[in-house]
Amino acid sequence: MKAVVVLFPGSNREGDAVRALEMATGKKPQIVWHAETELPAGTDLVLLPGGFSYGDYLRCGAIAGRAAIMDAVRAHAARGGLVLGICNGFQILCEGGLLPGVLMRNKDLRFICKMQHLRVERADTVFTRAYSKNQIIKVAIAHGEGNYEADEETIKRLEGDGRVAFRYCDAQGVVGGFANPNGSTNDIAGIYSDKRNVLGMMPHPENLIDPLVGGIDGAGLFKSLVAA
Amino acid sequence: MKARVTVTLKTGVLDPQGKAIEGALKSFGIAGVDSVRQGKVFDIELSTQDRAQAEVLLKAACEKLLANTVVENYRVEIV
């Protein structure tokens, strides 16, 4: 598993992403600068980390989604290569046309930074096979624009094709209602591309890989990738 | 040549910022406000003097970056 982490001006979670990937793969992933036009040869996984690329100017992820490296990331995804976008990375994937929909301002307008439970919708993908179906995991969320919105037809297609990766739930696994932190349609916390080789998610699994910080529920995602 | 691009949220897209502003206006006692939707304005200076060319260029700018057409509409005015 050769992983790379793309660095945009304003990314700030690349260190956490590198640490999680290194823990899982045993190798330090290469950092790739956004102005590059090619990914390193033999790249299996591209991780777009969290942060505030370009200061969230215009719209979150809008400018990064059109950065030079993104043509290479789109080509990589089209070939079936793996792409994981976390938080701002998810926003970048939506703005860059790799995933449908958009992340809007949280419904209560607040930046939310807290622990959050998620339900793993399926455990047969390359990103989630170390989990079990409907497993409840506890990870961190930290975002101001995590309210997933798409037109009705897109939501129907995502649901019908089993492309919802994670949903917000409470500790008992009850989805929706007060467990939805940001107003996301259908409590969506993460979605897959049609071939399930691209995953975008608002929560931060890379921050929950060490018991020292309160849990290791995020580690399963990185373990899943390594089994590839 | 100067142009103004206005980007607004499509009808039906939740606009919590607009709602908050609407609530504030109402709380300030400004009567008669039914609803507020927040948008963005871009004032752009162009090197071309050709109107048709400017329109093509501005449309490309909107489609490529200025608006996210999933949730936003745009309007171009050459001023």
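Take the residues in region B:1-45 that are within 17 Å of the chain's Cα centre (by Cα) and part of a helix (DSSP H, G or I), then tell me which one is nearest to residue A:101 (Cα to Cα).
Across region B:1-45, the extreme among qualifying residues is B:16.
Which residue out of A:72, A:24, A:20 is among the small types (Gly, Ala, Ser), touching an Asp or Glu at 6+ places or on another chain (Cβ under 9 Å) and under 22 Å from residue A:223 (Cα atoms)?
Residue meeting the stated conditions: A:20.
I'm told residue A:60 meets every condition in (1) closer than 17 Å to residue B:68 by Cβ; (2) touching a residue at least 40 places away in the same chain (Cβ under 8 Å); (3) in a helix (DSSP H, G or I) except one. Can you identify the failing condition by its number?
(3)
Restricting the search to region A:11-67, which residues are among the aromatic types (Phe, Trp, Tyr) and at positive phi?
Result: A:54, single match.
Residues are listed down the side, and each one gets a yes or a no for (1) buried (at least 16 other Cβ atoms within 10 Å of the Cβ); (2) at pLDDT 90 or above; (3) among the polar types (S, T, N, Q):
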position: B:22; (1), (2), (3): yes, yes, no
position: B:27; (1), (2), (3): no, yes, yes
position: B:32; (1), (2), (3): no, yes, no
position: B:40; (1), (2), (3): no, yes, no
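I'm told residue A:91 meets every condition in (1) within 14 Å of another protein chain (Cβ to nearest Cβ); (2) buried (at least 17 other Cβ atoms within 10 Å of the Cβ); (3) more than 25 Å from residue A:220 (Cα to Cα) except one. Can you identify the failing condition by its number?
It is condition (3) that residue A:91 fails.
Determine if region A:38-52 includes at least one residue that is surrounded by 21 or more Cβ atoms within 10 Å (Cβ to Cβ), part of a helix (DSSP H, G or I) and touching a residue at least 12 places away in the same chain (Cβ under 8 Å).
no
In region B:11-46, what residues are without any contact (Cβ under 8 Å) to a residue 12 or more places away in the chain and either in contact with a Cys (Cβ under 9 Å, 6 or more places away or on another chain) or among the polar types (S, T, N, Q) (or both)?
Those that are without any contact (Cβ under 8 Å) to a residue 12 or more places away in the chain and either in contact with a Cys (Cβ under 9 Å, 6 or more places away or on another chain) or among the polar types (S, T, N, Q) (or both): B:11, B:27.
Just to confirm my filter: which strands (runs of 3 or more DSSP E) fall fully inside region A:95-192 and include at least 2 residues that are among the acidic types (Asp, Glu) and either more than 13 Å from every other protein chain (Cβ to nearest Cβ) or surrounded by 21 or more Cβ atoms within 10 Å (Cβ to Cβ) (or both)?
none
Assuming residue A:71 fulfils every condition listed in (1) assigned to a loop (DSSP other than H, G, I, E, B); (2) more than 20 Å from residue A:17 (Cα to Cα); (3) over 17 Å from the mean Cα position of the chain (by Cα) apart from one, which condition is it?
Of (1) assigned to a loop (DSSP other than H, G, I, E, B); (2) more than 20 Å from residue A:17 (Cα to Cα); (3) over 17 Å from the mean Cα position of the chain (by Cα), only one is false for residue A:71: (1).
If I filter region B:15-41 down to residues being touching a Ser or Thr at 6+ places or on another chain (Cβ under 8 Å) and not charged (D, E, K, R), which single residue comes out as farthest from residue B:77 (Cα to Cα)?
B:18
The values are calculated or read from the model by the stated rules, or taken from the named source; none is laboratory data. The structure presented is a predicted model; accordingly, all values stated were derived computationally and were not measured. Here Cβ is always computed from backbone atoms with ideal geometry, including for glycine, and neighbour counts include all displayed protein chains.
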